[in-house]
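This is the structure, below, for whatever I ask next.
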Amino acid sequence: MTHITRRHFNRRLSEGLLGTAILAHSPLACAMGAKEREDRSLGIALVGLGGYSTYQLAPALQDTKFCHLAGIVTGTKAKEGIWASKYNIEEKNIYNYENFDSIAENEDIDIVYVVLPNSMHAEFSIRAAKAGKHVICEKPMAISVGECDEIIDACKRAGVKLGIGYRLHSEPYTQEIKKYVKEKTFGEVNYVMAEAAYRSRGNPGQWRLNKALSGGGALVNMGVYSIQSAIYGTGENPISVTAQEFSTRPEYFKDTDETITAQFEFPGGSMGNIFTSHNASANRLYASCTNGWFSLQPASTYIPLAGETSRGPIQFPNESQQKLQMDDFASHILHGTINRAPGEMGKRDMIIVEAIYKSIAEGNRKISLDLGKMGLV
């Protein structure tokens, strides 16, 4: 143990491979001290500096407790100087897509957050894992179930942690809904409705409207929020889905789905309906129960969520969802707390997405789902 590096120590710690006795007596553990381990902040490198990184993730990382912005990966040279100046990023922590793999030698960076077009998620998540870095992969996890498996396998082989960018699992309104369902606060859930949609305007050449880059349209972008809401709104994974697709602006949505609705059956007998679109505005979760109801509106936006129940309002202080999400993942690595959005959750949602597309392709046929053993509600 005398030659173990700080980087190796923390990776082993995150894997749970160092026992209590070893932790207590290793020279590095003694040198670090319990308080230093508790206070340590993990360095995050953002891969892709689009709008989400610029306006949500980077600002959130200025307020996080267990992690901080340590590096960037960008294909745009001009952004290097702008970000380095704004966030005091060292030149050695700035990478492009070609030299990205050399990040393996950088001990300042513990976590790589992949914030690229969907078709690039698998490649850079796998490359990050091979570099020995923990991985946060933005949603949707990938553009196929097969790619999800490849990411999960790569992280397991490398012994690194994997999380999906499902920020809502870390914010208090969503956690309260999950608590209602688990504790049956309003009785059994009979019906759940989940909507997530916005109207796309402007550049028809944007990557979200290019299937080769996005893997799909509204369903893979906003629809995963609806799928997630329906699942934690019932506390169960669906056992079947029937879906429909609608298009009213085919001249704009030439390559991707515009509007999709789908109906879920759940093993406990409840029913669900989801709606997602790139051509309408909607953001709501509603559940009817045997002894009341609960609702979030908005249910999945970056702005503060709002909630009501048959007994009164749901109210929590506002905090950055991205801050809470990234701190939760860093705490999972450092302290062994729960991984609120593991890779298997991203895979489960892609299984559902593929089933929805299959239902539509086969004339709105009901598609059975076998997700019972996955848990992950």
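Under the definition of Cα pairs under 8 Å and six or more residues apart, what whole-number percent is the relative contact order of the chain? Present the calculation step by step, with values, prior to reporting the outcome.
On the way: 755 pairs, mean separation 67.8, N = 377.
Rounded, it is 18 percent for the chain.
Of Trp207, Trp83, how do they rank once you tally other Cβ atoms within 10 Å and put the fewest first?
Working: Trp207 16, Trp83 22.
Least to most surrounded, the residues fall as Trp207, Trp83.
Once the piece of chain linking Ala306 and Lys156 is laid out straight, how much longer is it, given 0.36 nm per residue of separation minus the C-alpha distance between them?
That pair, Ala306 and Lys156, stretches by 50.2 nm at full extension.
Quick one: what Rg and Dmax do you get for region 244-294 from the alpha carbons, in Å?
Cα only, region 244-294: 14.6, 47 Å (Rg, Dmax).
Modelling each spin label as a point 7 Å along the Cα-to-Cβ direction, I'd like the Asn96/Gln297 distance in nm, to one decimal.
About 5.0 nm separates the two model spin labels.
Order by neighbour count: Ser247, Ser200, Ser288, fewest other Cβ atoms within 10 Å first, most last.
Arranged by neighbour count, lowest to highest, Ser247, Ser200, Ser288 become Ser247, Ser288, Ser200.
Using the Cα centre as the reference, give the magnitude of the dipole from point charges on the C-beta atoms of region 217-318 (Lys, Arg: +1; Asp, Glu: -1; all else neutral), rounded to the nearest 20 debye.
Working: 4 positive and 8 negative charges, 63 e Å.
Using Cβ point charges on Lys, Arg, Asp and Glu, region 217-318 gives about 300 debye.
Give me Ser368, Ser295 ranked fewest to most by other Cβ atoms within 10 Å of their Cβ, as a rough exposure proxy.
On the way: Ser368 10, Ser295 19.
Ascending number of Cβ neighbours within 10 Å: Ser368, Ser295.
Say the dipole of region 53-194 comes from +1 at the beta carbon of Lys and Arg and -1 at that of Asp and Glu; which of Ala131, Val181, Gly163 then lies farthest toward its positive end?
Projecting each Cα onto the dipole axis, the largest value belongs to Val181.
Let me know the whole percent of all Cα-Cα pairs from the chain that are separated by more than 38 Å. Let's see the in-between values first.
Details: 13994 of 70876 pairs.
So the pairs more than 38 Å apart make up 20 percent of the total in the chain.
Compute the Kirkwood hydrodynamic radius of region 62-206, taking the inverse of the mean of 1/r over all pairs of distinct Cα atoms, and give it in Å to one decimal.
One over the average 1/r among Cα pairs gives 17.9 Å for region 62-206.
Could you tell me the calculated FRET efficiency between Gln315 and Ala280, based on Cβ-Cβ distance and R0 = 30 angstrom, to the nearest 0.05?
Result of the calculation: an efficiency of 0.60.
Under the rule a/c < 1.5 gives rounded, and otherwise a/b versus b/c splits prolate from oblate, where does region 304-377 land using the Cα gyration tensor? Numbers along the way, then the final one.
Numbers: a/c = 2.65, a/b = 1.45, b/c = 1.82.
Judged from the Cα gyration tensor, region 304-377 comes out oblate (a/c at least 1.5, b/c at or above a/b).
Treat every Asp and Glu Cβ in the chain as -1 and every Lys and Arg Cβ as +1, leave all other atoms uncharged, and give the resulting dipole magnitude about the Cα centre to the nearest 20 debye.
Dipole magnitude for the chain comes out near 240 debye.
Further question on the same structure: Binning every alpha carbon pair distance of region 161-220 at 5 Å from zero, what are the percents per bin?
4, 12, 14, 17, 15, 15, 11, 8, 4, 1
Values in this text are rule-based calculations from the coordinates and carry no lab data. In this text, all values refer to a predicted model and were calculated from it rather than measured experimentally. Quick reminder, even Gly has a Cβ in these numbers, built from the backbone with ideal geometry, and neighbours come from all protein chains shown.
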